[in-house]
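Structure first, commentary second.
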Amino acid sequence: MPHAFRVALLVALAFACGTEHKQGQGSPGSGELAVNPPAVQLVPNAAQQFTLSPSTLQVTWSVAETTGGSITQAGLYTAPAQSGVFHVVATSTTNANASAQAVVTVESGISIVATSPVNAFACEPVALTATVTGSSDTGVVWSAPASCGTVTTAGVFISLRGSGTCVVTAQAHADVAKMASITVNVAPERVLSVALVPVSAVIVPGGSQTFAANVTTACGTFPAGT
């Protein structure tokens, strides 16, 4: 092999290796990143400093869940106000495919229990109960599917006309991640009164008169049989 050709080949190989080495330094693989500590347990609104290994790498810090708290680009994380399991993510600024994460468990110590199941008649109010412990704030946030009925802020549920099963949700005001479900078994509406229409009629001998009946329930007044 001519000397000039060998020199050119060696220079080309050296350049290629150097370029490869630089690219490897600037674009870490996912196995090269680690977030410390890898797992923590916090109370709501608490702060935690996360660090990166190796510390010389440039990353973007983020929280995977939209309700999972916040983190600064210095790695200082602030937990949300509610309990849950969330993920802090560090992503390389030079290789979007290279990332590492830490698991954050937020636990408030608050719990909520509710009385379930509950029986009710259609359209009639029924008081639901739920008890919050672990906080001085014992308030309950109530919700029910619109297709099922309504529930007041005091936990009084009224179903729509009909029968079936409704599920009402009770959440602890102090930690909305803590919730309990109440099954309401709705029975058909009760008849409160029946009225004939017309109330009175004068009929000549051999004549006829058609009467109708209206039924009143907690859902309203309807023709009998509807």
Quick count over the range 41-71, residues being more than 22 Å from the chain's Cα centre (by Cα) and either among the aromatic types (Phe, Trp, Tyr) or within 30 Å of Asp137 (Cα to Cα) (or both), is 5
Close pairs (9 angstrom Cβ cut-off, 6 or more residues apart or separate chains): part of a loop (DSSP other than H, G, I, E, B) in the range 199-213, open to solvent by 90 Å² or more (accessible area, probe 1.4 Å) anywhere
Ala201/Phe211; Gln209/Val202; Phe211/Leu196
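Scan the range 85-111 for residues that are closer than 30 Å to Ser135 by Cα and either at pLDDT below 95 or open to solvent by less than 20 Å² (accessible area, probe 1.4 Å) (or both) and jot them down.
Phe86, Val88, Ala102, Val104, Val106, Ile110
Considering the range 190-225 alone, what residues qualify as being among the polar types (S, T, N, Q) and either under 30 Å from Phe121 (Cα atoms) or touching a strand residue (DSSP E or B) at 6+ places or on another chain (Cβ under 8 Å) (or both)?
Of the range 190-225, the ones among the polar types (S, T, N, Q) are 193, 200, 208-210, 214, 216-217, 221.
Within the range 190-225, Ser193, Asn214, Thr216, Thr217, Thr221 qualify.
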Hey, does the range 122-130 have a residue that's open to solvent by less than 50 Å² (accessible area, probe 1.4 Å), touching an Asp or Glu at 6+ places or on another chain (Cβ under 9 Å) and assigned to a strand (DSSP E or B)?
no
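The values are calculated or read from the model by the stated rules, or taken from the named source; none is laboratory data. All of these numbers come straight from a predicted model, not from anything done at the bench. Note that we place each Cβ from the backbone using ideal geometry, even for glycine, and neighbour counts take in every protein chain shown. Side chains are part of the model used for accessible areas, which takes the heavy atoms of the whole protein and leaves out ligands, DNA and RNA. Shrake-Rupley method; radii C 1.70, N 1.55, O 1.52, S 1.80 Å.
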